[in-house]
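Computed from the coordinates by the stated procedures, all read-outs in this text should not be read as laboratory data. From a predicted model like this one, the values you see are computed outputs, not experimental measurements. Every residue, glycine among them, receives a Cβ derived from its backbone with ideal geometry; neighbour counts consider all protein chains shown.
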Amino acid sequence: MANRKYIVGNWKMNGLRAQLSDIADIAELAESHKDVDVAICPPVTLIAQATDKAPGFMIGAQDCHFANNGAHTGCLSAEMIGEAGAKLTILGHSERRTDQHETDAEVKAKAQAAHAAGLGAIICVGETEQERDAGKAIDVVCGQLEGSFPDNADAAWLTIAYEPVWAIGTGRVPEVSDVEEMHAAIRTKLTELMGKGAGAVRILYGGSMNGANAAQLLAVSNVDGGLVGGASLTAEKFGPIIKAAAEA
Ligand code: PEP
């Protein structure tokens, strides 16, 4: 049986109070597509206000610390973002793996912390263009998955996002056959790591998904949804992706 589709918007470092109305518009769209799970991950500063503005709509964060509390200036624990209203968090996004030098071991610890705080976790994996050109994409992605994989993983709270680094924010999208091959490899790796519960873990595709290409990407075997950056910032752009998921 196919997994329920999951469409998640990653607002990155975009969004001030004025954009809360976009979240309300997106929440309204999600309400009319109840067969799809939809979430927006705005900057942390908007989480509490977004949950007030769109009660019942799924709001997430873009990161959390692996510790519960302590001397970590500028960081936020999973419990803190949960208290603000987040129901999930993105972890190990390639921008954080690059800019903040996050390691697989840290991503794993963060996922465990997120779960302990009652949050869903979306672990991002993906190869660089250089790694793809060298024929190493599957090895790199499966290696990241294994290294970042939390103990006691369960589809009830864990999601994987395959995001080729070279496709993020570039308007470039891999061939459908490459997406299919990678998602199948991730499914096989998940089965190796967690056994028969692996089939229910949703694997999202991310990287320049938009209203024009979503239907094609979401129809690919083992693509259970999308992690969307630029095209998630307004209901006008995000709406066609939610609709495509509902029709997939
Ligand atoms: C992302 O950063 O997770 C992403 C997929 O971005 P974009 O959709 O803008 O490529």
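Remarks
- Centre-to-centre separation between the Cα atoms of the stretch 1-80 and those of the stretch 156-219: 20 Å.
- Electrostatic tally near residue 181: other residues with Cβ closer than 15 Å to its Cβ, Lys and Arg +1, Asp and Glu -1, net -2.
- Helix-only mean residue ellipticity at 222 nm for the chain, each DSSP H run of n ≥ 4 adding -39500 (n - 2.57), per residue, nearest 500: -11500 deg cm²/dmol
- For the stretch 8-84, the fraction of C-alpha pairs farther apart than 20 angstrom is 33 percent.
- The simple spin-label model puts a point 7 Å past each Cα toward its Cβ; for residue 105 and residue 2 those points are separated by 4.1 nm.
- Here the gap between residue 128 and residue 71, fully extended at 0.36 nm per residue and compared with their Cα-Cα distance, gives a gain of 17.2 nm.
- Highest to lowest packing among 230-240, 62-72, 45-55, 83-93, scored as the average C-beta count within 10 Å: 83-93, 230-240, 45-55, 62-72
- Against the rule of thumb 2.2 N^0.38 Å, how large the Cα Rg of the stretch 117-248 comes out: 1.02
- Modelled FRET efficiency - R0 35 Å, residue 35 with residue 146, Cβ distances, 0.05 increments: 0.60
- The base-10 log of I(q)/I(0) for the stretch 168-214, evaluated at q = 0.22 Å⁻¹, reads -0.80 [Debye formula, identical scatterers on Cα atoms, solvent excluded].
- Those lysines that a straight Cα-Cα span of less than 29 Å connects to residue 189, excepting residues fewer than 8 apart in one chain: 5, 12, 87, 108, 110, 136
- Sites residue 139 and residue 246, calculated FRET efficiency, Cβ-Cβ separation with R0 35 Å, nearest 0.05: 0.50
- Computed from the Cβ-Cβ distance with R0 of 22 Å, the FRET efficiency linking residue 98 to residue 14 stands at 0.75.
- Beyond 33 Å, the tail of the calculated P(r) for the stretch 6-247 holds 11 percent of the Cα pairs.
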